[in-house]
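The values are calculated or read from the model by the stated rules, or taken from the named source; none is laboratory data. Predicted, not measured: the structure shown is a model, and the values here were computed from it. Note: ideal-geometry Cβ built from the backbone for every residue, glycine included; neighbour counts use all protein chains shown. These accessible areas exclude ligands, DNA and RNA; they are computed on the full protein's heavy atoms, side chains included. Shrake-Rupley method; radii C 1.70, N 1.55, O 1.52, S 1.80 Å.
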Amino acid sequence: MTTDDAFEQPDSAPIMTLKTIDIPDSINRLSYAEGAEHLIDTANDAIEAFMLADQKVIENFVTCDFHLLDQAITWIEQNHLLAGNRFCEFGAGFGVGAMLAALRGMESIGIEIESRLVEQANQVAEGLGNAAEFYCGSFVPRGVEGLTEIAAEVENVSTEEDDVCELIGRELNEFDLFFAFPWPGEHGFFEAVFDACAANGALLLTYRGRDGMSLVTKV
């Protein structure tokens, strides 16, 4: 079981069954996947243009270290940790994580609540000829006891939108690797969502700023 010191679960929250997998600091010496640097440069240019042109600031839109993310996915692949070939990015933003996974041949999607970001992600993917697909909606699964209450305590997450799984045509328990970039103090929430929706053996990779990448698996 993993916990986040800044995150307190209500009494009704389900007990999590997650195991931490230590990612070595040496991943930052791994080579980037073929095409990853071009993808990242293209996405960063699109992000910069969007931020300069957009009149309405999306306050909770912050980019992660995409190069480190690419290296983390490489490390996961090299260590044969994946149970399958499907990738899902929670709070995808411009969807760089999902596109990096698709670059490797993974069946890859991103879920994002902001429609403007979904449009941008799809445009970047189309321009690159990348197969990742992006959907607008909430990634919080419905009908899980305690999870709606947990989501209500998280500032940047909504459960007001329709269940995006109907749009995707797949349940979240069909995905093998999830990625998210939580705000400080929200890591426990993302782990609770992952634990509620993922199948045993699935992985959740999260970016934690200065602390780098964190990886857990559902057992």
task = Quick one: in the range 108-132, of everything that is open to solvent by 40 Å² or more (accessible area, probe 1.4 Å) and part of a loop (DSSP other than H, G, I, E, B), which residue is nearest to Asp41 (Cα to Cα)?
result = Gly129
key: Filter result (of a type in the set (A, V, I, L, M, F, W, C), surrounded by fewer than 17 Cβ atoms within 10 Å (Cβ to Cβ), assigned to a loop (DSSP other than H, G, I, E, B) and modelled with pLDDT under 80) within the range 150-202   = none
key: the range 85-107, residues that are touching a helix residue (DSSP H, G or I) at 6+ places or on another chain (Cβ under 8 Å) and assigned to a loop (DSSP other than H, G, I, E, B)   = Ala92, Gly93, Phe94, Gly95, Arg104
message = Need the failing condition index for Asn79 against (1) closer than 17 Å to Arg170 by Cβ; (2) over 17 Å from the mean Cα position of the chain (by Cα), just the number.
response = (1)
message = Cβ contacts < 6 Å: first residue at pLDDT below 95, restricted to the range 207-219; second residue open to solvent by 70 Å² or more (accessible area, probe 1.4 Å) and part of a strand (DSSP E or B), any location; separation 6+ or different chain. Result?
response = Val219/Lys19
key: Residues within the range 88-112 that are touching a Gly at 6+ places or on another chain (Cβ under 7 Å) and under 19 Å from Glu171 (Cα atoms), tallied   = 6
request  = Return a yes/no flag: does the range 22-36 have any residue that is open to solvent by 50 Å² or more (accessible area, probe 1.4 Å), modelled with pLDDT of 95 or more and closer than 20 Å to Tyr135 by Cα.
outcome  = no
task = Please enumerate the residues belonging to the range 25-53 that are closer than 18 Å to Leu81 by Cα and in contact (Cβ under 8 Å) with a residue 40 or more places away in the chain.
result = Asp25, Ile27, Leu30, Ala33
